[in-house]
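Read through the structure below, which is laid out as structure tokens, and then see the notes.
The values are calculated or read from the model by the stated rules, or taken from the named source; none is laboratory data. Note that the structure is predicted; figures quoted are calculated from it, not measured. Methodologically, a virtual Cβ is constructed for each residue, glycine included, from the backbone with ideal geometry; neighbour enumeration extends over all protein chains shown.
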């Protein structure tokens, strides 16, 4: 009997992470679900077991804590049939950096940078140790890092978020270059969604009303675009033609004009709720 590949999904309790878990289970992956909210993980795991007849292990963890991050990393390193790691856990905060409390800023860097760094290292060490066995797995092997279209610009009130997502893109691209140089079959992807209907913006306290409805995407659409791109070996995936066009234009604009546009955009769209 062939063992099913295992997908580890962080931030799996809601939104994009939960959709990744559902779609990967439908593809035949067993799941290791990582998030802080144990009750939601239990509910999701049972759903996956009942609907897709896969194994769904829950691993409650706060990945901003060093010891809990290391616990998840060890689980990844020792998974004999690891197929995919989805680094999805993340959050944002609004407010000028010099006025913001330091604690949330620190936690964001721990989650978006240190966690992605450590868990990616654990997954790649696992793949490397297995060598040619990874080439023979029935599913693709690799890492999907859930970044953001915000990685391509900077904006007032979102300095740490944009910067950590830019780091994530650069890190993922570096991994891709390194893996290709070694002739590795392992794939990596930076998924860069724009405005997505999930709990993310509710937690952020962002007013959604100024943003046209056509610019909002569903988590289901975002994950479908990611997995389609992963199947094709696409390194940077930007879901939605509007966002792809936006990034294309942003890359062609001089940096000084881009900064002015970011300032205008921040004033127009990133006002907290009343």
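Side notes on the structure shown:
- Long-range neighbours under 9 Å by Cβ, at least six apart or interchain, first residue on the phi < 0 side of the Ramachandran plot and surrounded by 12 or more Cβ atoms within 10 Å (Cβ to Cβ) within the range 205-218, second in a strand (DSSP E or B) and at pLDDT 80 or above: 208/197; 216/196; 216/197; 217/196; 217/197; 218/196; 218/197
- Top-ranked residue of the range 1-21 - restricted to ones that are out of contact with any strand residue (DSSP E or B) (no Cβ under 8 Å at 6 or more places or on another chain) and modelled with pLDDT of 95 or more, ranked as surrounded by the most Cβ atoms within 10 Å (Cβ to Cβ): 18
- Among residues of the range 51-70, those that are farther than 21 Å from residue 171 by Cα and free of Cβ contacts under 8 Å to residues at least 12 places away in the same chain, counted: 4
- Here is the figure for the range 42-54: residues that are farther than 26 Å from residue 216 by Cα and either buried (at least 16 other Cβ atoms within 10 Å of the Cβ) or under 20 Å from the mean Cα position of the chain (by Cα) (or both) total 4.
- Taking the listed residues 174, 205, 229, the one that is modelled with pLDDT under 95 and out of contact with any helix residue (DSSP H, G or I) (no Cβ under 8 Å at 6 or more places or on another chain) is 205, with no other qualifying.
- Only a single criterion out of (1) surrounded by 15 or more Cβ atoms within 10 Å (Cβ to Cβ); (2) over 17 Å from residue 123 (Cα atoms) is not satisfied by residue 66, namely (1).
- If the condition is being without any contact (Cβ under 8 Å) to a residue 60 or more places away in the chain, farther than 20 Å from residue 196 by Cα and over 18 Å from the mean Cα position of the chain (by Cα), then the range 233-260 contributes 249, 252, 253, 254, 255, 256, 257, 260.
- Residue check, residue 24 modelled with pLDDT of 95 or more, assigned to a strand (DSSP E or B) and buried (at least 21 other Cβ atoms within 10 Å of the Cβ): no
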